[in-house]
Every structure is written in structure tokens, then in C-alpha cells.
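Coordinate-derived values only; no laboratory data. What you see is a predicted model, and the numbers here were worked out from it, not measured in a lab. Cβ atoms come from the backbone with ideal geometry, glycine included; neighbour counts cover every protein chain shown.
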Amino acid sequence: MAGFFDTLFGGGAEREAAEKNRALAAQYQTSALDYLKTGYGTGTDAINKGVAAYDPLAALGVKYSAAGDTWLNALGVNGADGSARATQAFQTTPGYELTQRAALDAIDRRRAIGGMYASGNADQDTANWITKNLYETQYQPWMSGLQSAAGMGGQYTAGAAQGQQQGYTSLADLARNYGLDQSNVANNYMGQNVSANNMQAAGEAAGAKNLLGAGLSLAGMAFGGGGGGMLSSLGGMFGGGGSTLNSSPWSFPMATAGGNWGRPQVSYG
């Protein structure tokens, strides 16, 4: 604790208060930044989990969107190579071979009944029937399924993208707010230190004024004022034009009548 004279002339009380305020401001800054960091970490973890929850939907969108590529190939959009890939994909569907075998078996039975095994017309009829049957029962539904799957793939992809975008937007907002909060803490800390510095400076300035005022008062007591100053006291020790110092029982003749100083004569009594 500052002493009396340090407080009076050196701004000691204000300096101690300013130092305490600086210490409290530093503690506030450390605690506030720790709290903000913890909150930011918790927030980012939660948002990232929310974004990750859309991953299965995004993966499903990728799978369904692959049907869209095959559909476009079947439409001839991607050229001859694309069409060939679409044909190969269709021929590998589970219903393609099953339908073809069933159609052939049915035709063979009909031909056997009619005795038309070697007939060219029967072979053409078989080919036409298989083509018509495959197209109507397999290819058209297959194309419709590809189109539907492509649309679902787009919906799944869009839904996942929208959800993830919202999560990333929340992350960006959280990061921006985190930066603003850190800036506010820094501004508060700076403001507290500025106030502490001003307090200390004001105390030291007041102490300097007190010291100056005390010095002037001492000077006034020494050199005049109220008829009782030191110089007045000294002047009273000399006679008003006299030639002896009468402040003691000793007498000291100081000058002759002609104004010349003579040898001092000391007498007592």
C-alpha cells in the first residue's frame, strides 16, 4: 500500500488502483478468449456433424445420378459409344435374358404344335415377337426407370448440397462472429488499460501539483508574508539606522560619526 507522502505527492493510490485494474483486465481477456474458443469449438463440432449427416444422401444421389448417364447414352446423346454402352447395360439386366428365353420357349412350343420348325416365316415371326416383346415388356420400362432414377438422383444431390451449404454457411457465420467477439475482447482490454493509464497519469499530475504547492508555501513562509517572514525577522535584528547590533546583551559599535568604520569595540552590559 502506498505511503502518505507517496499518495500525496507521487500519485501512489492511483498507481496502485491502475495496476489492479490492469491485472483484472488481463485476467478478463484471458478468460473471455478461453470461453470464446470453447464455444467456437463446440459450435464447429456440432455443425460439422450436421453437414456429415447429409453424406449418405449425397452418396445416394451419386448412385441414382449414374442412371442418368445410362439414360442419356440410351437416348444417343453421347454418340455411338454411349449407345453401345447403353445396349450392353440393357442386355445385362436380369429381365432381359429371362424374357428372351421365355419368348423362345413359347414360340418353340407353338411351332412344334403347328409343325413349322423349318419355316422361314416362323423364324421371322420369332424374331419379330422377341423384338416386340422385349421392347414393350423390358426396354420401355427400363428407359422409364432410368429417367425416374436420374430425377431422383438430382433431387438427392440437390437436397444434400442444400443441407451441406447451410452447414457451411453456419460455419462461416460462426467464424465471423468468433472474430468479432475476439476483437471486442481486445477493444475492452485496451480500453481498460487506457483508463488505468489515465488514472495513474492523473494521480501523478495531482501529486506534482501538490508538491509544487507545498514548495511555494514553504518559500512564502521563508521569504515574507504577514509581517512575520524570515526576512522581516532578520531586519528587526538591526537598529533603524543604528550602528550597533542589539539582539543580545553584547554591543558592537559598527561605524564612526563620519561614516568611517572603526575598530569594533566590544562591551557587555
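See the values below:
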{"read-out": "Cα-projected label distance for residue 19 with residue 108, points at 7 Å along beta-carbon direction, nm", "value": "10.8"}
{"read-out": "Extension gain, residue 88 back to residue 48 (0.36 nm per residue minus Cα-Cα distance, nm)", "value": "10.2 nm"}
{"read-out": "Neighbour-count ranking [beta-carbon atoms within 10 angstrom, fewest first] of 65, 195", "value": "195, 65"}
